[in-house]
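Worksheet: one structure, shown below.
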Amino acid sequence: MSGGDVQTRNSAGLRTAEVARRTGYSVQQVRNLERDGALPPAARTANGYRVYGDIHIRSARAYRALAAGTDPASAKTILRAVHNGDRRRVFALLDTAHARLDRERRDLHAARTAARAIADEPLTDIRPTDAMSISELARALGVRPSTLRYWDAAGLVVPRRAEIRETRVYSPDDVRAARLVHQLRLAGYGIEPLRQLIPELRGRHHWNDLAAALTARDARIDSRSAALLDGATALSALLGLPATE
C-alpha cells in the first residue's frame, strides 16, 4: 500500500484537495467554509499548507445537509456554535429550524384549504357594485395597498383602470385571484412561480393545477425535513468530537 493510500484512508493530515474530494466541494469552497466558520480552523504545516482532519470532513458533510434543510447562512451559524462548544445555542438553532418547517407545513395546509374553497366559488350574478377599490381590497385581505400595487406591477393581479383618474378597480374575478395570491404568499410561494401559476387559476376547472403545485411544495418541505434530520445526525457526532485533533 502506498503512502498516498495510507493518507487517504487515514482521516488525519489531509490536504485541502482531499477534503474537497471526500465531501464533493471544490478546493475554494472548502477554504470558504473554513473562512466562514462552518469548518474549524485548519492546522498549518511549517511551510503554511493547511492540514485537515476528520472533524473537517464531518463538518463539511453536516453543512451540506443543514444548508439543504435550512439555508446556507443558518447552517454556518449552527456549525460555528458547534465549533465554539456552545451546545445550548446549537439546540436552540435546531429548534428554530424545525419550528420554521412546522410553520411552513401549517401555512401550506391553510393555503390548500382556502385555495380550494376560493377556486370552487362560482362567479354568478356579478354586478358592477361587486367591484372593489384598491383600499377596500387591501382592508379585506389585511395587506397594504402598496402590496396590491406590487402584485399589479408583477403581473399577478392586474385590475382594470377606471376611466376617471385611472384608479384601480378589482372585479370579483380579480378579487378571487388576489385572495389566491395572498394565501399562496402566506404559504411561501415566490413571485416568479405565482406569475406563471395565477393566470391559470381563474376558474374552478384549474383546481388540479393548483393542487399539483401545492403537492410539489409539500414534497420540497419533506425533502428539507429529511435533510435537517441528516444534519442533526451529523451534528450529534460532531458534538462528541474534541475541538481539535
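Couple of notes before you dig in:
- Residue match in region 79-98 (condition: surrounded by fewer than 16 Cβ atoms within 10 Å (Cβ to Cβ), of a type in the set (A, V, I, L, M) and modelled with pLDDT of 90 or more): yes
- One residue stands out among those in region 154-186 that are in a helix (DSSP H, G or I) and among the acidic types (Asp, Glu): the one that is modelled with the lowest pLDDT, which is Asp173.
- Candidates Ala65, Ala97, Ala60 - the one that is in contact with an Asp or Glu (Cβ under 6 Å, 6 or more places away or on another chain) and touching a residue at least 24 places away in the same chain (Cβ under 8 Å): Ala65
Here is a yes/no grid of residues against (1) of a type in the set (A, V, I, L, M); (2) exposed (fewer than 14 other Cβ atoms within 10 Å of the Cβ); (3) touching a Gly at 6+ places or on another chain (Cβ under 7 Å):
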residue: Gly142; (1), (2), (3): no, yes, no
residue: Ala153; (1), (2), (3): yes, yes, no
residue: Leu156; (1), (2), (3): yes, no, no
residue: Arg161; (1), (2), (3): no, yes, no
residue: Tyr170; (1), (2), (3): no, no, no
residue: Asp173; (1), (2), (3): no, no, no
residue: Arg176; (1), (2), (3): no, no, no
residue: His182; (1), (2), (3): no, no, no
residue: Glu192; (1), (2), (3): no, yes, no
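- Residue match in region 59-71 (condition: outside any helix (DSSP H, G or I) and loosely packed, with under 15 Cβ neighbours inside 10 Å): yes
- So Thr244, is it over 14 Å from Ala115 (Cβ atoms), of a type in the set (S, T, N, Q) and at pLDDT below 85: yes
The values are calculated or read from the model by the stated rules, or taken from the named source; none is laboratory data. Computed from a predicted structure; not experimentally measured. Using ideal geometry, Cβ is built from the backbone for each residue, glycine included, and neighbour counts are taken over all protein chains shown.
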